[in-house]
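Presented below is the structure to which this report refers.
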Amino acid sequence: MSGTYTPAPGGPFSALTPSMWPQDILAKYHQKDSSEQPELQYDEFGFRMDTEDGVEPRSWLGSEGSPQREDPQQRLRWQAHLEFTHNHTVGDLTWELIDPVLPRSERLRSLVLGGIPHSMRPQLWMRLSGALQKKRTSEISYREIIKNSSNDDSSTAKQIEKDLLRTMPTNACFSSLTSVGVPRLRRVLRGLAWLYPDIGYCQGTGMVVSCLLLFLEEEDVLWMMCALIEDLLPPSYFSSTLLGVQTDQRVLRQLIVQYLPALDRLLQEHDIELSLITLHWFLTSFASVVDIRLLLRIWDLLFYQGSLVLFQVTLGMLKIKEEELVSSENSASIFNTLSDLPSQLRDGPAVLGEAMRLAGTLSQETLEAHRHKHLAYILNEQAQLNNGNNTTLNTNLNKVVRRQSLRRKSTLSSLLFGEDEAEALKSKNIKQTELVAALREAIARTAEHFHCLDPRHSST
Amino acid sequence: MQNNHHKEHLYKILVIGDLGVGKTSIIKRYVHHNFSPNYRATIGVDFALKVLNWDQETVRLQLWDIAGQERFGNMTRVYYREAMGAFIVFDVTRPASFEAVTKWKEDLDSKLTLANGKHVATVLLANKCDQGRDVLTNNGIKMEQFCQENGFVGWYETSAKENINIDEAANCLVKHIIASEKDMLQSEVPDTITPQLEKDKGGTCSSCFRAQ
């Protein structure tokens, strides 16, 4: 598939996986005599460099964060680490010989934090995230998944179709139905919807998938998404209830009280609901929110450490702009500064550095404890709101609990009781959760009973 | 009542409707006067501000562009808070998006009421009218009836692409919002303390009344 035209080193499309190189556009670049200006300019990721839609021009030539400028030292450090952990001498080591899962270590973490050399990203992301392991051990092949999910008529397929060109419209690989990335995006999104019936198609996943497709082959993208959904992000992140991502917004708000007290006071004082802005950041793991160069650095870490990174990075970004926010004139300008905040940060090392200085000690355990608490609050609130028409939530809950999913772990029980235990205590937890569901139903019925008895509602 | 000095109004307006009916396009056309066939799908909610001159007064419209996918409906209670008006949009070329209109209206009315207990002014937009096939909207009398039955203050055939009727629809909504605001002020019991006047914002949170 990688046709005859190759991007110039550091030039347009040069950071993409070769099968994504848009041959038609590259052909034009080649045919052009040097005097003639091409009608559209693209950066090394295939993004248009015009100023339409208020998108700031992205310069690729000699830009600081250009992934083509791999730091030779960092590359050597990575090579040495891989060779050292695989007992190979220089030159012998090929990707086939490197284990599908890299042993976790402080050394590996500090390498990931320092950034993965761009040319090594596809292979390392697959190994850090556990996606390669899933690919190798899966009982179902990508081909079968695609075959099973090729039905055009479902409402899911229709929604996906509506969004294909609305996912990354400014990128040459996704800008028209004939663009090279579009059929891949369609197949991966349909495959995921089939694989996870409780999720189906969630707007926002498309942004993540399309960003991954720029650098990885489509089959690998699917397994990366499986790793994100099953292991790296908490359960119910993308499911129809969005409980996981909603919970995380409450957790974030609580962490701000602890880590950024001045910002907390500001948000309280101006009655600003931060989740209106940050839900999007978490749901897309910052894809479509930050500049792609910064995104790559965040994702290096996300694929190694999971959702903890989303909190650390968010806190770090807010910290960088805290002074500006606190000195804002009014609610509207605070709101605008918050909305525009991620797109104004470009410097990967600065953002990650601030994130780790501020919240590097935040642990997964603390995060899980906060999550359990806030999930309980949310469920409780929903139950109260649903007293009048209590069927919705109960059916939702039953659906989540009793669902027989093809893939494991994205169940409510693992959200309530933690992931590892959920594996071990799965049946017990499901029973417990069903008891809770039954109890809730009983309470809701009682509430309905009294609701009906209330003279104010005695119209019947 | 006299307006002897320059007054400013700030209204929060919701734009809701099914996925891909053109909510973002309508807002971009209204606020930025341009159109693109492929705006990015809205995740959660997006915001835009439009400033109008209205009878020598300034009206600021804060437009809330709310994601159309059903699962984001879980968050609409937060999104709807303190809104004064709404557009509900459907796509004339997709009957299913029209069928969803009543669902959106019910969601809106069940989660949002004005201080006087009334529903917020809502205008129905039949978008993409440039693409024809508007069998539905051809029958004006039926549409009027639909609006009356479902509590819409009006309806417009719109096209974000061709810039048809968007300013008109917005003016209609603003007119009704101002009317309902006056109505609220008049129906107010004189000795009631309105928390909105006390502070910059807030007053809708039930816990505020218990504040020390």
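The values are calculated or read from the model by the stated rules, or taken from the named source; none is laboratory data. All of these numbers come straight from a predicted model, not from anything done at the bench. Counting neighbours? That spans all protein chains shown, and the Cβs are built from the backbone with ideal geometry, glycine included.
Here is how the numbers come out for the structure above:
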{"quantity": "Residue within segment A:274-295 that is under 21 Å from A:ARG104 (Cα atoms), surrounded by fewer than 20 Cβ atoms within 10 Å (Cβ to Cβ) and out of contact with any strand residue (DSSP E or B) (no Cβ under 9 Å at 6 or more places or on another chain) present", "calculated": "no"}
{"quantity": "Index of the failed condition, B:PHE90 passing every other in (1) touching a residue at least 40 places away in the same chain (Cβ under 8 Å); (2) within 13 Å of another protein chain (Cβ to nearest Cβ); (3) under 29 Å from A:LEU177 (Cβ atoms)", "calculated": "(2)"}
{"quantity": "When residues of segment B:28-39 are limited to those that are facing chain A (nearest Cβ under 9 Å) and assigned to a loop (DSSP other than H, G, I, E, B), the one surrounded by the fewest Cβ atoms within 10 Å (Cβ to Cβ)", "calculated": "B:PRO37"}
{"quantity": "Residue count for segment A:257-277, restricted to those that are touching a Leu at 6+ places or on another chain (Cβ under 7 Å) and within 9 Å of another protein chain (Cβ to nearest Cβ)", "calculated": "1"}
{"quantity": "Which listed residue is in contact with a Lys or Arg (Cβ under 9 Å, 6 or more places away or on another chain), crowded, with 19+ Cβ neighbours inside 10 Å and within 10 Å of chain A (Cβ to nearest Cβ), from B:THR76, B:THR42, B:THR122", "calculated": "B:THR42"}
{"quantity": "Failed item in (1) more than 14 Å from chain B (Cβ to nearest Cβ); (2) more than 25 Å from A:GLY306 (Cα to Cα); (3) at pLDDT below 95, with A:ARG143 passing the rest", "calculated": "(3)"}
{"quantity": "Given (1) modelled with pLDDT of 95 or more; (2) part of a loop (DSSP other than H, G, I, E, B), number of the condition B:ASP109 does not satisfy", "calculated": "(2)"}
{"quantity": "Selection from segment A:288-302 of residues that are in a loop (DSSP other than H, G, I, E, B), more than 10 Å from chain B (Cβ to nearest Cβ) and within 24 Å of A:LEU242 (Cα to Cα)", "calculated": "A:VAL290"}
{"quantity": "Residue match in segment B:47-59 (condition: closer than 22 Å to A:ALA332 by Cα, in a helix (DSSP H, G or I) and either touching a Leu at 6+ places or on another chain (Cβ under 6 Å) or modelled with pLDDT under 95 (or both))", "calculated": "no"}
{"quantity": "Hits in segment A:229-244 (condition: in a helix (DSSP H, G or I) and in contact with a Gly (Cβ under 9 Å, 6 or more places away or on another chain))", "calculated": "A:GLU230, A:ASP231, A:LEU232"}
{"quantity": "Hits in segment A:321-335 - residues which are away from every other protein chain (no Cβ under 14 Å) and part of a helix (DSSP H, G or I)", "calculated": "A:GLU322, A:GLU323, A:GLU324, A:LEU325, A:VAL326"}
{"quantity": "Sole exception among (1) more than 12 Å from the chain's Cα centre (by Cα); (2) outside any strand (DSSP E or B); (3) among the aliphatic types (A, V, I, L, M) for B:ALA83, by number", "calculated": "(1)"}
{"quantity": "Residue match in segment A:190-198 (condition: under 26 Å from A:GLN123 (Cα atoms) and within 14 Å of another protein chain (Cβ to nearest Cβ))", "calculated": "yes"}
{"quantity": "Single match in A:LEU216, A:LEU242, A:LEU255 (criterion: touching a helix residue (DSSP H, G or I) at 6+ places or on another chain (Cβ under 7 Å) and closer than 30 Å to A:PRO18 by Cβ)", "calculated": "A:LEU216"}
{"quantity": "Yes/no for B:THR93 being out of contact with any His (no Cβ under 7 Å at 6 or more places or on another chain), part of a loop (DSSP other than H, G, I, E, B), polar (S, T, N, Q) and farther than 29 Å from A:CYS211 by Cβ", "calculated": "yes"}
{"quantity": "Identity of the residue in segment A:278-287, facing chain B (nearest Cβ under 7 Å) and in a helix (DSSP H, G or I), that ends up farthest from A:MET317 (Cα to Cα)", "calculated": "A:LEU283"}
{"quantity": "Output for segment A:229-244, where each listed residue is of a type in the set (A, V, I, L, M) and within 14 Å of another protein chain (Cβ to nearest Cβ)", "calculated": "A:LEU242, A:LEU243"}
{"quantity": "Among (1) of a type outside the set (Lys, Arg); (2) modelled with pLDDT of 95 or more; (3) touching a Phe, Trp or Tyr at 6+ places or on another chain (Cβ under 8 Å); (4) more than 20 Å from B:ILE13 (Cβ to Cβ) - the single one B:CYS172 does not satisfy", "calculated": "(4)"}
